[in-house]
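Novice: Structure provided below as C-alpha cells; questions to follow.
What follows draws every value from the coordinates through simple rules; no lab data is involved. All values reported here derive from a predicted model rather than from experimental measurement. Cβ coordinates were reconstructed from backbone atoms using ideal geometry, including for glycine residues, and neighbour counts include every protein chain displayed.
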Amino acid sequence: MNRNVKDTIVESVAGISVLLIIFIILSILAITIVGGWPNLNWTFLSEFPKDGMTKGGIFPAIVGTAVMTLIMAVAAVPFGVITAIYLAEYASEKSVFAKTIRFAVKTLAVVPSIIFGLFGLGFFIGFIGKNMDGIFNGGELRWGQPNILWASLTMALLTLPVVIVSVEEAIRTIPKDMREASLALGATKWQTIRKVVIPGSVSGILTGTILAVSRGAGEVAPILFTGAAYFLSDLPHSLSDQFMSLGYHIYIMSTQSSNVDATLPIQFATTLVLLLLTFSLNGIAVILRYRIRKREK
Amino acid sequence: MNDIKVKVNDLTLHYGTNPALKNISMEIPEKMVTAFIGPSGCGKSTFLRTLNRMNDLIDNVKIEGEVIIDGLNIYEKDIDVVNLRKRVGMIFQKSNPFAKSVYDNVAFGPRINGISHRNKLDEIVEYSLKQAAIWDEVKGRLHNSALSLSGGQQQRLCIARTLAVNPDIILMDEPASALDPISTAKIEELIQELKQQYTIIIVTHNMQQAARTSDFTAFFYLGELVEFKKTEVMFSNPSKRQTEDYISGRFG
C-alpha cells in the first residue's frame, strides 16, 4: 500500500477516535444539563427529600458527601504526605522496602473499588468496630456497624495512592540546589524537609488532596456497606452515625425507588450537582498541577 | 605565611570504582583566597565538596585519607557533619536562594540554629547583607521574594545567607560563572573584603579571575593536584609543563 494512503488511514482513525471521545463527553454533559438544570434551584439544594424521594431536595446527601470527604482527607492526606516524603527523601531507589511500598501503592490504585468496600466491612466494622464495642461499650452495638467514620476511612484507603503519587511528584520537582543550599547552611535532613521541601510542595499536596476529594466524592462502592444510608430524616451528629451521599443517592433512586419515573428529574439534578462538584475540583487540580510543571522548567 | 586552616593528607575519592581524586595532599592557609583551577572533570569541584562533606549526599562515594580543619579530621567517625557545615559554608555555581523573602533567606541559618528573637535576627540579617555588599540594594525590599532579585544580587544574597551562619571557611564553586561582567566584578571585590575575616576557597574556570582574586592557586588535572603555589608565581613561572599549557590556554 502507498505510504501516503497508510498515513491518511491512521490519521482518520485517530481523528474519529478523538471525535468519539468528545462526542461521549458532550453527550453526558448535554443529557445531564438538559435533564437536571430545570430542577436545580435553592430549594433543591437546601431541603430534605420528601414523598419517597419523588420531591424535595438533596441537602443531606450534599452534607454527607462533604463531611465524608473531609474526614477522608484528614485521614488520607497526612498519611499520604508522610509516605511520599519517605519515598522521595529517605528510601534509596534500590531498597527492597521502598520497592515493596511502591508496588503496594500501585496495586492499591488498581484494586476494584467494591473490594475496598468489602475490606472496610470486614476490617473496620467487623474487626475494629466490634472490638471497640467489646472494650468500651460492654458489647453493646455502636461502632460495630456501618457509619460515616468507617466509610470515610475506607474511602481514604482508596484515595491514598492519588495523594502519594501527587505529593511525591511535587517533592521531586524541588531542585537539588535548594536541598544543598539548606544542608550547606548546617540544616539537618529533617530541617531541610520541613523548611524547604514541604513548603515547596504545598501546591502538590493541595493537588493530591483535591484529586482525592473529587475521587472520593464520586465513588459509591466503598461506602455501600460501610456507612451510606438509603434515607435519613436527620443529618449525622456523630462519627458513629450513618450518612447520605450524592453518588449513593443517585444509585438508590434509579434502582431501589418504588417509582423510578417520578424520581427522574431529581436523579438528573443530583447527577448534575455531582458532576459540577467533581469537574470543578478536577479543574482546580489541573491548574495547580500546571503551575508545578511550569516551575519544573 | 599565615597559619594553616585546612590540611589535606593523601585524600583519594572514588565514584563507584572510578577514582575521581588521587592522593591529594595540600595545606590551605587561613584568611587567604585559594583558587582551584583546571579543565572540566579534573576533580576540582569534587575536591571542594569533600571539604564540607557535601559528597556524603551522593551514593557510592568512597573517600580515603584525611581532611584536617583546625586540627580535627572531618572524616573521623564521631564528627558532627551538621556542625561542620556551619563552620564551612558553601556558595554554589548557580545562585540558589530559597523561594522565600530576602529576609527569610538570610535568617534561615540563624533560625535553624535556634535564634528566634526578632531583634537579634534583624541584627544578623542587616549585618550579613552589609558584609555581602547588597544591603543598600535590598534594604527597602527585605520582605519581597528573593527570586525577584537579579542574578548577581541573588548570588550576593546567597553569600549573605552563608555569612549569617558565621562560618570560618567559605567554599565557592564557580560563584560567578553564570553572571555578567559587572556582577562578576562585584563578587570579586567582595571576595577581597571577605578574606580579612574568612578563609576562602574558590573553584574557577576563569584564569584571569584566579589571577585577580587569589593568593594561592592549585592546578588540578585528571584527579591529581599538579601544582600548588602562590598565585603570582604560578602564573608567571609555573614549574610543570601541564600547568603552563593550561594557563597559557593551550588546552582546557
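Novice: In nanometres, what is the gap between the two model label sites at residue B:182 and residue A:33, each 7 Å from Cα along Cα-to-Cβ?
Specialist: 5.5
Novice: Okay, moving on. Assign unit charges at the C-beta atoms only (+1 for Lys and Arg, -1 for Asp and Glu), then state the dipole size of chain B relative to its Cα centre in Debye, rounded to the nearest 20. Don't jump to the answer; show the numbers that get you there.
Specialist: Working: 30 positive and 31 negative charges, 89 e Å.
It works out to roughly 420 debye.
Novice: Quick check: the angle from helix B:102-112's long axis to the longest principal axis of chain B, C-alpha only, nearest 10 degrees?
Specialist: Orientation of helix B:102-112: about 70 degrees from the principal axis.
Novice: Something else now. Identify which of B:180, B:215, B:59 has the largest mean-square fluctuation in a Gaussian network model of chain B, with springs joining Cα atoms closer than 10 Å.
Specialist: Comparing B:180, B:215, B:59 in the GNM, the peak value goes to B:59.
Novice: Excluding residues fewer than 8 places away in the same chain, name every one of the aspartates and glutamates whose C-alpha is closer than 19 Å to that of residue B:139.
Specialist: Answer for residue B:139, where 19 Å is the Cα cut-off: B:104, B:122, B:123, B:126, listed by chain and number.
Novice: Please report how far the C-alpha centroid of the range A:194-241 lies from that of the range A:156-181, rounded to the nearest whole angstrom.
Specialist: 19
Novice: Now for a different question. What list do you get for A:37, A:143, B:135 if you sort them by fewest beta carbons within 10 Å? Let's see the in-between values first.
Specialist: Values: A:37 12, A:143 22, B:135 17.
Lowest to highest Cβ neighbour count: A:37, B:135, A:143.
Novice: Check which residues have an amide H placed less than 5 Å from residue B:221's amide H, if you skip close sequence neighbours.
Specialist: Close amide H contacts, sequence-distant or interchain: B:226.
Novice: Comparing A:145, A:242, A:256, which has the greatest mean-square fluctuation in the GNM of chain A with Cα pairs linked when under 10 Å apart?
Specialist: A:256
Novice: In nanometres, what is the gap between the two model label sites at residue B:248 and residue B:144, each 7 Å from Cα along Cα-to-Cβ?
Specialist: About 4.9 nm separates the two model spin labels.
Novice: Helix hunt in chain A: which complete DSSP H runs extend at least 20 Å axially by C-alpha with mean Kyte-Doolittle at least -1.0?
Specialist: Numbers: long enough: A:3-36 (49 Å, 1.74); A:59-85 (38 Å, 2.11); A:96-110 (21 Å, 1.21); A:148-172 (34 Å, 1.58); A:202-218 (24 Å, 1.15); A:260-296 (52 Å, 0.79).
Qualifying helices, which must be both long enough and hydrophobic enough, are A:3-36, A:59-85, A:96-110, A:148-172, A:202-218, A:260-296.
Novice: For residue B:203, enumerate residues with amide H under 5 Å from its amide H, sequence gap 5+ or separate chain, H modeled in the peptide plane.
Specialist: Those qualifying (amide H under 5 Å, at least 5 residues apart or on another chain) are B:36, B:172, B:173, B:174.
Novice: If you don't mind, another one. If the viscosity is 0.890 mPa s and the temperature 25 °C, what translational diffusion coefficient in µm²/s does Stokes-Einstein give for chain B when Rh comes from Kirkwood over Cα pairs? Kindly include the intermediate steps, with their values, before the conclusion.
Specialist: Values: Rh = 18.7 Å.
For the chosen part, D equals 131 µm²/s.
Novice: Out of residues 5 or more away from residue B:31 or on other chains, whose amide H comes under 5 Å of its own, with H placed 1.01 Å from N in the peptide plane?
Specialist: Those qualifying (amide H under 5 Å, at least 5 residues apart or on another chain) are B:199, B:200.
Novice: Going through the cross-link list A:99/A:189; B:7/B:44; A:176/B:94; B:7/B:229; B:22/B:77, which pairs have a Cα-Cα distance over 18 Å in this structure? Can you show the working numbers first?
Specialist: Values: A:99/A:189 22 Å; B:7/B:44 16 Å; A:176/B:94 11 Å; B:7/B:229 15 Å; B:22/B:77 22 Å.
In this structure, A:99/A:189; B:22/B:77 lie more than 18 Å apart at Cα.
Novice: Let me have the 222 nm mean residue ellipticity of the protein assembly as shown computed from DSSP H runs of 4+ only, each contributing -39500 (n - 2.57), with the sum over all residues rounded to the nearest 500. Mind dumping the intermediate values first?
Specialist: On the way: 23 runs with 292 residues, N = 549.
Rounded to the nearest 500, the figure is -17000 deg cm²/dmol.
Novice: Moving on to the next point. Suppose R0 equals 56 Å; then what is the FRET efficiency for residue A:55 and residue A:16 from their Cβ-Cβ distance, rounded to the nearest 0.05?
Specialist: Numbers: r = 44 Å, r/R0 = 0.78.
In this case the efficiency is close to 0.80.
Novice: Here's something else I'd like to know. What is the distance in Å between the Cα centres of the range B:167-186 and the range B:99-143?
Specialist: The two parts, judged by their Cα centres, are 20 Å apart.
Novice: Under 12 Å from the Cβ of residue B:217, count the other residues' Cβ atoms, weight Lys and Arg +1, Asp and Glu -1, and hand me the total.
Specialist: Residues near residue B:217 contribute +1 overall.
Novice: Tabulate in residue order the Karplus-calculated ³J(HN,Hα) for the range B:32-42, using 6.51 cos²θ - 1.76 cosθ + 1.60 with θ = phi - 60°, rounded to whole Hz; enter x for Gly and Pro.
Specialist: 9, 9, 10, 9, 9, 10, x, x, 3, x, 7
Novice: How many nm separate the modelled label positions at residue B:17 and residue B:3, each set 7 Å beyond the Cα in the direction of the Cβ?
Specialist: 4.5
Novice: Let me see the pair-distance distribution of the range A:40-296: every alpha carbon pair, 10 Å bin width, integer percents in order.
Specialist: Spelled out per bin, shortest first, that is 7, 26, 29, 21, 12, 4, 1, 0.
Novice: Which value, in debye to the nearest 20, gives the size of the charge dipole of the protein assembly as shown about its Cα centre, when Lys and Arg are +1 and Asp and Glu are -1 at the Cβ? If you can, show how the numbers build up before the last one.
Specialist: Numbers: 53 positive and 48 negative charges, 90 e Å.
Charge dipole of the protein assembly as shown: 440 debye, to the nearest 20.
Novice: Moving on. With springs only between Cα atoms under 10 Å apart, run a GNM on chain B and tell me which of B:240, B:86, B:22 wobbles the most.
Specialist: Maximum fluctuation in the GNM of chain B, among the listed residues, is at B:240.
Novice: Could I ask something else about it? If I take every Cα pair under 8 Å that is 6 or more residues apart in the range A:40-296, average their sequence separation and divide by the length, what percent do I get for the relative contact order?
Specialist: On the way: 378 pairs, mean separation 70.0, N = 257.
Relative contact order here is 27 percent.
Novice: May I pose another question? Using the number of other C-beta atoms within 10 angstrom as an exposure proxy, rank B:217, B:204, B:184 with the fewest first. It would help to have the intermediate numbers written out before the result.
Specialist: Working: B:217 28, B:204 24, B:184 18.
Taking fewest neighbouring Cβ atoms as first place, the list is B:184, B:204, B:217.
Novice: Given the protein assembly as shown reduced to its alpha-carbon atoms as identical point scatterers, what log10 I(q)/I(0) does the Debye formula return at q = 0.07, 0.12 Å⁻¹?
Specialist: -0.62, -1.09
Novice: Further, regarding this structure: Between the helical axis of B:118-131 and the dominant principal axis of chain B, each derived from Cα atoms, what acute angle in degrees is found, rounded to the nearest 10?
Specialist: Rounded to the nearest ten degrees, it is 50.
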